[in-house]
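These notes are about the structure you will find just below.
Derivation of every value follows stated rules applied to the coordinates shown; laboratory data play no part. Just so it is clear, the model here is predicted, and its values are computed rather than measured.
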Amino acid sequence: MFVYLQATPDDYNFWNLVMGAPLVVKALILVLAVMMLVSWFIVGAKLVRMFQATAQTRKFLRLFWAEEESGTWAPERIESVYAQIKSLSGSPLAKVFHAGYVELARLTSGAVTREGATDNIERALRRSSTTELTKLESLLPFLATTGSTAPFIGLLGTVLGILEVFHQLGSTGDASLGAVGPKIAEALFVTAIGLFAAIPAVMAYNYFLRRVRVIEAEVETFGSDFLNIVKRHFL
């Protein structure tokens, strides 16, 4: 007659599952926990950065096109825009405008052909655009890495945990629920942590990548508009 010992709820709480796991499984749990915490930090930081970029870009565009609608561009008016963008340092478009304005001011003070000046300003705009977009995309690869690798790390922990269960069965012959249940729970718990780390990371990565692409389109459009204004009114 077999007697099955019923596992108590305490056997399946978080701390007992972690402490009862084999050493290698504990190491994998630690790796997943670090990846999850870093991912959450990146998500929080990127949410703040994207909100700042969006809000300040709207302010900058209102400021810039308000000057455009008031009539013909003049050096005094573009200088007025330049003077007011110091408080909009979080806007990629403001940074691109700053680069274009600085290059324009440098070229208009010297003897440069129209074609040469246009090429120089265009290169300055492109260089600033690349720099700002690179900053926005920073740390996003870590989210992608977490989303793609965390489930496999969790699966590896589960496989190692189940191997430990079979090893215990082979050495003790005790197949009761009380002996096997907590070990199986430990093994499956690692996969759960891996999924818990991966799912938010993938969702956040896709969201931020979409926001970066929208900002990239805005930067390219503004760069073209600014270059056209420069050609019409300053060169």
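What does the C-alpha gyration tensor say about the overall shape of segment 25-233? Classify as rounded when a/c is under 1.5, otherwise prolate if a/b is larger than b/c, or oblate.
prolate
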- Message: Over segment 25-233, how many pairs of lysines fall under 22 Å by alpha carbon, counting only those 8 or more apart in sequence or from different chains?
- Response: 12
- Message: I need the phi-derived Karplus couplings for segment 185-196: 6.51 cos²θ - 1.76 cosθ + 1.60, θ = phi - 60°, integer Hz, Gly and Pro marked x.
- Response: 4, 4, 5, 5, 4, 5, 4, 4, 5, x, 5, 5
- Hey, what do the phi angles of segment 40-45 turn into as Karplus ³J(HN,Hα) couplings, whole Hz, using 6.51/-1.76/1.60 and θ = phi - 60°, x for Gly and Pro? 5, 4, 4, 4, x, 5
